[in-house]
Amino acid sequence: MKGFQNITSFFNETYEYAFSPVPSEKRKATAKLALILFGFALSTSGMTIGVQLGSAMPFWNAIAASLTGNVVLCIIAAFWGMAGYESGYTSVNLIQKILGGKVASVFSVLIILAMIIWVGINGEWLANIFIVLFPSWPFPAVITTLFILSISIFLACNGWKGMVIVSGISVPIIIVLTIYNIIHLGTIKGGFGFLLHGQPEAQLSFGAACTLIVGNFCMSATTMPDICRFAKSRRSVILCVLAYAATLILGNLYGIFIARAMDAQNLTYGILLLQMAIPSIIWLALCSYTTQIVNLYTGSLALQSLVKRTFLGGNLSHKTVVFFMGGLAILVGVARMSNYLSHFTRSLVLSVMLLAGLAIAEVLLRKKLEPPKSTIPFIAWLSGIAGGCLIWYLKGLQIWTIPVIPTVIFYILLRIRYIK
């Protein structure tokens, strides 16, 4: 019996509790969870989108879009974070229990693809910024991207313990450098009056801006259970989600400030004009790595769950999964996939928003009805995605055109009709 318990303990630790709920004695302090989420949410992608908003929208319009989009993310994160805390399960396991195995399998694939692409794109961005800030650097962008992503893979190999160590060291430095950067920005411009002077014409619609913001982190909001399953209380989840949302807004705001102060169209150019290469690259590198390790951690959990449904039975170590995903992320980074960022975020926001709507509807319906057949949520989800693609083709990229309510109504009708 003791030998069996040891094997079970090894299995859970090896797979980061990918297949079982986190036991109560393994729950973590709120401060550790908040540090991980702060480091994760303050990312180069959030700053990059902030620059897009600041250069293509009047200041207050950009602020309103950031607040609106991140409030949506906060609501999604709160729902899934609370579900993760109460169940102790990963996001994929929760989806399987709520909407069935078919949806969970497709969702696993979406997570894996999203995290691989984000890791690759973030590595590419950091490499490009490094080369611009240090023009005497002897290696080309491909080699630099490979080197930067290799560090991300190494840091992510230790799973949860690695995230705690990296965030514990990096986040205090990130906070100090963030304050320093903002003060420096105000100093070189003689204050912050520049934010309201010479407003750009609205080249980006409010709906399109919100879609970019939600699409940037919608997958992380939906996979919030992967972090919050370690929470000890509801209060811990609420505090962590608020810290997550506030940090997302901070990243957008910094990008908006850079765009307005330096009249920059992209983050790399804006950072270059600040003329503080070493503090900037340290700050951006730490922001990138604290984001990357969480992306790889979340992706590894999804991949382990997907592999478990095959003949391998989940028989892969955490390090093996991270190396596999990291290798694919390197290919994405050197292939310069960031050129397709808008198409990527559009696909994510559509699929994830519909998934969140179906999950919330199912949680409410299950109080009165029996669980549905596994094909019903799957059909409703695919139908909603097809409808959303058609609407966006006819009406353009707007967050309000995502057919969440029609998809939920269609799902409810299917559920009632074919419940038996």
Please find, within segment 155-211, the residue that is nearest to R27 (Cα to Cα) out of those that are of a type in the set (G, A, S) and without any contact (Cβ under 8 Å) to a residue 24 or more places away in the chain. G186
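Being open to solvent by 10 Å² or more (accessible area, probe 1.4 Å), closer than 25 Å to L42 by Cα and of a type in the set (A, V, I, L, M, F, W, C) is the requirement here; does I121 meet it? Break it down stepwise before answering.
Details: open to solvent by 10 Å² or more (accessible area, probe 1.4 Å): no; closer than 25 Å to L42 by Cα: yes; of a type in the set (A, V, I, L, M, F, W, C): yes.
No; evaluated as a whole, the condition is false for this residue.
Search segment 99-115 for residues being touching a Lys or Arg at 6+ places or on another chain (Cβ under 9 Å) and surrounded by 24 or more Cβ atoms within 10 Å (Cβ to Cβ), and hand back the single one that is farthest from V294 (Cα to Cα).
Of all residues in segment 99-115, those touching a Lys or Arg at 6+ places or on another chain (Cβ under 9 Å) come to 100-101, 104-105, 108.
Now narrow it down to the ones that are surrounded by 24 or more Cβ atoms within 10 Å (Cβ to Cβ): 104, 108.
Numbers: A104: 20, S108: 16 Å.
Here the residue is A104.
Test of understanding: among G299, G333, G327, which residue is assigned to a helix (DSSP H, G or I), under 16 Å from L110 (Cα atoms) and either of a type in the set (G, A, S) or in contact with a strand residue (DSSP E or B) (Cβ under 9 Å, 6 or more places away or on another chain) (or both)?
Numbers: G333 fails: under 16 Å from L110 (Cα atoms); G327 fails: under 16 Å from L110 (Cα atoms).
Result of the check over G299, G333, G327: G299.
Rundown of residues vs (1) under 17 Å from F324 (Cα atoms); (2) open to solvent by 70 Å² or more (accessible area, probe 1.4 Å), yes/no style:
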position: I117; (1), (2): yes, no
position: L126; (1), (2): no, no
position: L155; (1), (2): yes, no
position: G159; (1), (2): yes, no
position: V176; (1), (2): no, yes
position: L185; (1), (2): no, no
position: I188; (1), (2): no, yes
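The values are calculated or read from the model by the stated rules, or taken from the named source; none is laboratory data. Being a predicted model, the structure only gives us computed values, none of them experimental. Positions of Cβ are generated from backbone atoms using ideal geometry, with glycine treated the same way; all protein chains shown enter the neighbour counts. Only protein heavy atoms, including side chains, enter the accessible area calculation; ligands, DNA and RNA are left aside. Shrake-Rupley method; radii C 1.70, N 1.55, O 1.52, S 1.80 Å.
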